Amino acid sequence: MKLGVPDDAFRAFGIDDFDHLDAAFRRAAYRLCEYSYATQFCWRSYNESRWAALDDWILVRYREHGQHRFLCPIGPGNPGDVMQACFDRLAALGSEPRADFVPDAVRTRLAGDDRFRFDPDPSNDDYVYLRSDLANMAGKKYARKRNHVSRFLRNPAWSFDRVDAGNMAECLVFLDEWCRSHGCEEDPRLDYEVEALRTCLLNMEPLRQTAYVLRVGPRIVGLTLGELQTQDTFVVHYEKAYTEQEGAYQMLAREFARTVPETVTFIDREQDMGVEGLRQSKLSFIPDHFERCWIARPRDAVVTAPPEPPGPAFP
């Protein structure tokens, strides 16, 4: 099979593409956070991500470390032939033939296909928690989290408010202040992350996102945003809080989980991106399991490039 899609057919993610592509992502039901239209739309300028349709498949191509990359093809059934065609296109472009962010379900589906091998990508495994665990933080294993929450609750006036048009301006001011306090100007990727969150906030309604702010008195001290990704899983795309406000991050996690319907079993809090501090933080919330992420390559591929620096193509 040849990838019968010319290079100029790949186009940037636009808000008008939402209905078509969001439906395709949801039908595929890949259990990794990259397979959210909001992620692709809000991060589209970070790595020049583009999409194209090939029959019943959606192809997502982007650039990372100076090379072209493809996500796992998104569509019905067995993606093996489409994936092989993506490999051939990458090789023709002078890039390594590979598909990134391959969900475990696809790896299992292609396990008997001798064209491919699958290498683990642990920095991009998603951390998945029981909604009830985060909402209740019960038992000995959550004792430290409850202590942080208790200290936060000493504030006599706090609230957890849904973001809407009435408080959007405050949210954007909070993001600017948070960015200044965390040195975004010296960290381009962090600056892109805040810009992606800002884009999601400003397009919440068409992207079908839900966001809340945590306040102490009138002051916003934290903000979180996410969406229902599959029937049983809610994904938290962003969490930002002032670290000097003790318990703010624990409260964001607890209170957001309490807004999620009880019919939802899991909360996906995305990856650690190979960052040790983030890994320890995510482990401290006691994940129920991991959604494993894989890199697909040709069976006989020899990888000679040096290890890539920490940090995923998408958050």
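Points to keep in mind about this one:
- Of the numbered criteria (1) surrounded by fewer than 20 Cβ atoms within 10 Å (Cβ to Cβ); (2) outside any strand (DSSP E or B), the one Y30 fails is (1).
- Matching entry among F25, F101, F18 (being assigned to a helix (DSSP H, G or I) and either of a type in the set (S, T, Y) or touching a residue at least 60 places away in the same chain (Cβ under 8 Å) (or both)): F18
- Residue that is farthest from T233 (Cα to Cα) [pool: residues in the stretch 81-129 that are within 24 Å of the chain's Cα centre (by Cα) and of a type in the set (G, A, S)]: A99
- D8 meets all of the listed conditions (1) at pLDDT below 90; (2) not in a helix (DSSP H, G or I) but one, namely (2).
- When F70 is tested against (1) buried (at least 20 other Cβ atoms within 10 Å of the Cβ); (2) out of contact with any Leu (no Cβ under 9 Å at 6 or more places or on another chain); (3) at pLDDT 95 or above; (4) of a type outside the set (A, V, I, L, M), exactly one condition is not met: (2).
- Of the residues making up the stretch 159-174, none is hydroxyl-bearing (S, T, Y) and buried (at least 19 other Cβ atoms within 10 Å of the Cβ).
- Positions within the stretch 104-145 being assigned to a helix (DSSP H, G or I), surrounded by fewer than 17 Cβ atoms within 10 Å (Cβ to Cβ) and of a type in the set (D, E, K, R), in sequence order: R109, K140, K141, R144
- Checked against the criterion of being within 21 Å of R269 (Cβ to Cβ) and free of Cβ contacts under 8 Å to residues at least 12 places away in the same chain, the candidates G139, G112 yield just one match: G139.
- The stretch 49-73: number of residues that are in a loop (DSSP other than H, G, I, E, B) and either farther than 13 Å from S95 by Cβ or without any contact (Cβ under 8 Å) to a residue 24 or more places away in the chain (or both): 6
The values are calculated or read from the model by the stated rules, or taken from the named source; none is laboratory data. Only a predicted model underlies this, so the values are computations on that prediction, with no experimental measurement involved. Don't worry about glycine lacking a Cβ; one is built from the backbone with ideal geometry, like all the others, and counts go over all protein chains shown.
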